[in-house]
1. With respect to the numbered conditions (1) within 16 Å of the ligand (Cβ to nearest atom); (2) in contact with a Gly (Cβ under 7 Å, 6 or more places away or on another chain); (3) open to solvent by 10 Å² or more (accessible area, probe 1.4 Å), which one is the sole condition not fulfilled by E274?
2. Looking only at residues in the stretch 238-271 that are open to solvent by less than 40 Å² (accessible area, probe 1.4 Å) and among the charged types (D, E, K, R), which one is farthest from the ligand (Cβ to nearest atom)?
3. Filtering the stretch 439-463 down to residues that are in a loop (DSSP other than H, G, I, E, B) and open to solvent by less than 10 Å² (accessible area, probe 1.4 Å), which residue is nearest to S278 (Cα to Cα)?
4. List pairs: first residue in the stretch 244-256 and over 16 Å from Q31 (Cα atoms), second residue part of a strand (DSSP E or B) and aliphatic (A, V, I, L, M) anywhere in the structure, Cβ distance under 8 angstrom, at least six positions apart or on different chains.
5. Please work out which one of (1) surrounded by fewer than 18 Cβ atoms within 10 Å (Cβ to Cβ); (2) over 25 Å from the mean Cα position of the chain (by Cα) is the condition V149 fails and give its number.
6. Is it the case that R106 is charged (D, E, K, R) and at pLDDT 95 or above?
Amino acid sequence: LLNEKKIIELKKRITDATYLASVLNMLSWDQEVMMSPKGAELRAQTVAAVSGLLHEKILAINHDALLTNLKHLVDQGKIKNDDAVIVKETWRLYERKKKLPDAFVREMAETISRAFTIWVEARKKSDFKLFQPWLEKIISLKRKEASYVGYSDSPYDALIDEYEPGMTTKNAEAILEDLRNFLVPFIASLKKRKKSLLPKIKGKFLIPDQIKLNNFIAEKLGFDLSAGRIDVSAHPFTTNFNPHDVRFTTSYNDTNLWVALGATIHETGHALYEQGLSAKHFGTPLAEAISLGIHESQSRLYENIIGKSKAFWHYFYPELKKRFPQLKKISATDFYESITRVEPSLIRTESDEVTYNLHIIIRFEIERALIESKLKVKDVPKVWNEKVKHYLGISVPDDAHGVLQDMHWASGGVGYFPTYSFGNLYSAQFYKTMERQIPNLSQKIADSEFKPIQIWLGKNIHIHGKRYSAAEIIKKVTGEPLTSRYFIDYLKEKYGQK
Ligand code: MG
């Protein structure tokens, strides 16, 4: 009984911290969607103050050693199942925070805040030299963070673990090298294929009509508009305040229909995950997403495997034509060819699903070498350009189209990039199992019957929260650990020579 009371107290404390985290999410959603730009500076101070409160609240969970005691009981096997998950995951969160000294956290926050501003300017001027001293500082702080957090093999382990708990550098390297060894020759072989003159889905597409279409698709896929909202922001994203209030954004372009469609279908995948979390367990790790990689697997599954399939457009393309008569002369085949075009390009966020992963692998190889002190920051542009040439076969004209294009490093995100590729790999592996377990899956998609997919993902992944780790869930659901094989098969089948 005593242990039960302790668990109840722990749940109360972690739930209180989650309320504050929801407030922070709301502040940043508001900043991206609603706030006038003038509010940015004071909002930043507001966010910093609330972040400080959250940090204190998490540390205070263990002020009387409640969490330490519970952790011992879990280690001794005296607390099991869901309660053990709550204790272990809260311990993970607490321990990582506790290991970082206050002065370090403050130095990191200040560095990132200034580095980000400099990066914006450096990118505008396409001048890496401007950003170089700041990236040096960030890398040295990240190395310091790794030594505070601790690791057994590579300092990069400690960083990747923040985004993809349980993933190691060695494991990531093995998986991504497999993928790279397949992709480089595969993409080269596609380039040799005679380029067909594909019609681009361009013209004037009125935004109000696009909004109706995007809402229609999101709802068809299962997004519950009575438990969330779809808004507009420069960079599409999904956030949640709780499973009954999930917000995502998309971004419209009135001459290119695909900008919003791709973003909407992607974010709907994220949003279905958030809406599928357990409201009953809200506040505890049992109602939190597993990892960034698993989260991304949900968005990529909808965006690419479903949203860029012939079956999907069998239903939706006639719908599109009805709404946009200017598509009248573009056949369904041409439309499909157009959204599945493969072409090596310079900008990661604009790349297709085949070449995308090489963009990630380049970043992974570079950031890992930086953290392991095998590469100097000043040499990053040179190495970047060489890798783009070697892997994608194209030349980088300037830093803005190369090393300066992403905000991740400037905002302290080192170890984050690989989770994008893991997402692609998880998605193909999950989908392969789903195909076996849902009869006539492709026909269901062609009939716009998406409920069985949502239910399958819900019961196999969403509802568990952090009950299982990423490594455990992929094994439990698909019978195998994460591998690049299913994604490679998927690409061969979809894009290979027929
Ligand atoms: Mg995403």
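The values are calculated or read from the model by the stated rules, or taken from the named source; none is laboratory data. Everything numeric here is computed off the predicted structure, so don't read it as measured data. Ideal geometry is used to build each Cβ from the backbone, glycine not excepted, and the neighbour counts take in all protein chains shown. Protein only, heavy atoms only, side chains kept; ligands, DNA and RNA dropped before computing areas. Shrake-Rupley method; radii C 1.70, N 1.55, O 1.52, S 1.80 Å.
1. (2)
2. D245
3. Taking the stretch 439-463 and keeping what is in a loop (DSSP other than H, G, I, E, B), we get 439-440, 447-450, 461.
Now narrow it down to the ones that are open to solvent by less than 10 Å² (accessible area, probe 1.4 Å): 450, 461.
On the way: F450: 20, I461: 11 Å.
The selected residue is I461.
4. Y252/V232
5. Among (1) surrounded by fewer than 18 Cβ atoms within 10 Å (Cβ to Cβ); (2) over 25 Å from the mean Cα position of the chain (by Cα), V149 violates only (2).
6. On the way: charged (D, E, K, R): yes; at pLDDT 95 or above: no.
Criteria not met by R106.
Residue-wise test of (1) of a type in the set (G, A, S); (2) in contact with a Gly (Cβ under 6 Å, 6 or more places away or on another chain).
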{"position": "S427", "(1), (2)": "yes, no"}
{"position": "E449", "(1), (2)": "no, no"}
{"position": "I455", "(1), (2)": "no, no"}
{"position": "G458", "(1), (2)": "yes, yes"}
{"position": "H464", "(1), (2)": "no, no"}
{"position": "S484", "(1), (2)": "yes, no"}
{"position": "F487", "(1), (2)": "no, no"}
{"position": "Y495", "(1), (2)": "no, no"}
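Residue-wise test of (1) part of a loop (DSSP other than H, G, I, E, B); (2) within 16 Å of the ligand (Cβ to nearest atom).
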residue: V414; (1), (2): yes, no
residue: S421; (1), (2): no, yes
residue: Y426; (1), (2): no, yes
residue: K432; (1), (2): no, no
residue: R436; (1), (2): no, no
